[in-house]
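Report on the structure given below.
The values are calculated or read from the model by the stated rules, or taken from the named source; none is laboratory data. Keep in mind the model is a prediction, meaning the values are calculated, not measured. Every residue, glycine as well, gets a Cβ built from its backbone with ideal geometry; the counts of neighbours run over all protein chains shown. Ligands, DNA and RNA are stripped out before the accessible areas are found, and what is left, the full protein with its side chains, is counted by its heavy atoms. Shrake-Rupley method; radii C 1.70, N 1.55, O 1.52, S 1.80 Å.
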Amino acid sequence: MTIRASEHGSKEQISWIRLRSVSLPLRAAVSDAKVLTGRQKPLDSVQLLLADIETSQGHAGIGFSYSLRAGGPAQYAHAQEIAPLLIGEDPNDIARLWGKMAWAGASVGRCGVAAQAIAALDTALWDLKARRAGLPLSKLLGAHRNAVPCYNTSGGYLQAPIEEVIEKASQSRERGIGGIKMKIGQPDRQADLRRITALRKQVGDQVPLMVDVNQQWDRITALRMGRELEHYALEWIEEPLDAHDITGHAALAAQLDTPIGTGEMLTSASEALAYVDTGAVDVIMHDAPRLGGITPFLKVANAAEQRGMIMAPHFIMEIHLHLAATYEHQTWVEHFEWLEPVFNERLEIRDGMMIVPDRPGLGLSLHERVDGWTLAQTEVGERA
């Protein structure tokens, strides 16, 4: 039998939740290989689901999830359904509350949109818990480090000519960012190789360089291109195959010296654990908001840690910086400046490392400009 916080005398209960659907415009639209192969349109905005949670004792936390191109309204709609279930609950019982929200939407599954709606609320609960303790989230969870190696991705998209990619790579390096990732996977494979050659020549052999195919190769192409790419001393080849092709990724990883990574498109812990448990990739690249929040992310990270895998979480450096800091083995955090306008704070970067904030929780507060990007909002409960 489940006993609510109000029934066993806990002094603190969740008393108020606000949800907001936000459309954050990008400064310029970007295209990866999925656009060049006709599967998607250029990306010009990020849809955010923001969650504010407050308790009867006045403690507060913020969390968020996101979607690209489609899915934002669905995340918001499902969050509206499940948020009332948290009112009156003990905010400390994060694992139990994740399960409660998941079971509420069991008929639509525990992955995809349903999990991503939970993610905003789950992250807000973790932020609240760390803030109440007066600790950065990384310290609450148990940190291994105070800074994490970082690499930039936002400057390496395919709509940009190689000269622009090189210029942005130089700017990233001057800012203190350690590695550079560029998008490939064009229908013209030789064009990909020319871009990689030019970038490697410009940044030199010592700068960590990664490439991201965004799932656009078949198995034969991936093996042939992977052999060509062995000469560039890459940190990894990302998403060379369909995100759910575990067998193909495992075979590719076994045949190439260059590490193979994937995970960003997986939308449940069970999907990501299938890659980890079978050792199908060298680099696990799961994404907390896409998996369902910090709670399932940690389950995957713990399993990956047991295998000594490299962990390089996808996107959302504002959350993943804290989570990467708790990982025992080699890890990276991905630098995107896209969400910076949402927050008052900026993450510090120097000497190739992103510094974990020492502010409580995620160390973030929402900028007032978010109001102008808000498409819809709803509140449940009453503020203390």
Exercise. Of all residues in region 126-137, which are buried (at least 23 other Cβ atoms within 10 Å of the Cβ) and more than 19 Å from Ala95 (Cβ to Cβ)?
Worked result: Pro136
For this session: May I ask you to list the residues in region 68-89 that are crowded, with 20+ Cβ neighbours inside 10 Å and either polar (S, T, N, Q) or in contact with a strand residue (DSSP E or B) (Cβ under 7 Å, 6 or more places away or on another chain) (or both)?
Result: Gly72, Gln75, Tyr76, Ala79, Ala83, Leu86, Glu89
Exercise. Only one of (1) within 18 Å of Ile180 (Cβ to Cβ); (2) not in a loop (DSSP other than H, G, I, E, B) is not met by Glu337, so which one is it?
Worked result: (2)
Exercise. Given Ala324, Ala303, which one is open to solvent by less than 10 Å² (accessible area, probe 1.4 Å) and in a helix (DSSP H, G or I)?
Worked result: Ala324
Problem set entry | Selection from region 282-300 of residues that are open to solvent by 10 Å² or more (accessible area, probe 1.4 Å) and either acidic (Asp, Glu) or over 24 Å from Val46 (Cα atoms) (or both) | Asp282, Leu298, Lys299
Exercise. Could you list, in sequence order, the residues of region 224-244 that are surrounded by fewer than 24 Cβ atoms within 10 Å (Cβ to Cβ), not in a loop (DSSP other than H, G, I, E, B) and not aliphatic (A, V, I, L, M)?
Worked result: Arg224, Gly226, Arg227, Glu228, Glu230, His231, Tyr232
Exercise. For region 16-42, which residues satisfy the criterion of being in a strand (DSSP E or B) and open to solvent by 20 Å² or more (accessible area, probe 1.4 Å)?
Worked result: Arg18, Ser23, Pro25, Leu26, Arg27, Ala28, Ala29
For this session: Tell me, please, whether a residue that is open to solvent by 30 Å² or more (accessible area, probe 1.4 Å), more than 18 Å from Phe297 (Cβ to Cβ) and modelled with pLDDT under 95 can be found in region 90-105.
Result: yes
Exercise. Could you say which residue among Ala303, Ala324, Ala312 is more than 15 Å from the chain's Cα centre (by Cα) and aliphatic (A, V, I, L, M)?
Worked result: Ala303
Exercise. Quick one: which of Thr247, Thr221 is farther than 18 Å from Thr153 by Cα, surrounded by 15 or more Cβ atoms within 10 Å (Cβ to Cβ), of a type in the set (S, T, N, Q) and at pLDDT 95 or above?
Worked result: Thr221
Exercise. Would you say Leu339 is closer than 21 Å to Gly71 by Cβ, surrounded by fewer than 24 Cβ atoms within 10 Å (Cβ to Cβ), at pLDDT 95 or above and of a type in the set (A, V, I, L, M, F, W, C)?
Worked result: yes
Seminar exercise, completed: Counting only residues in region 202-218 that are polar (S, T, N, Q) and surrounded by fewer than 18 Cβ atoms within 10 Å (Cβ to Cβ), the one farthest from Thr262 (Cα to Cα) is identified as Gln202
Exercise. Could you give every pair whose Cβ atoms fall below 8 Å, whose first residue belongs to region 248-272 and is part of a loop (DSSP other than H, G, I, E, B), and whose second residue is among the polar types (S, T, N, Q), counting only separations of at least 6 or pairs across chains?
Worked result: Met265/Gln215; Thr267/Gln116
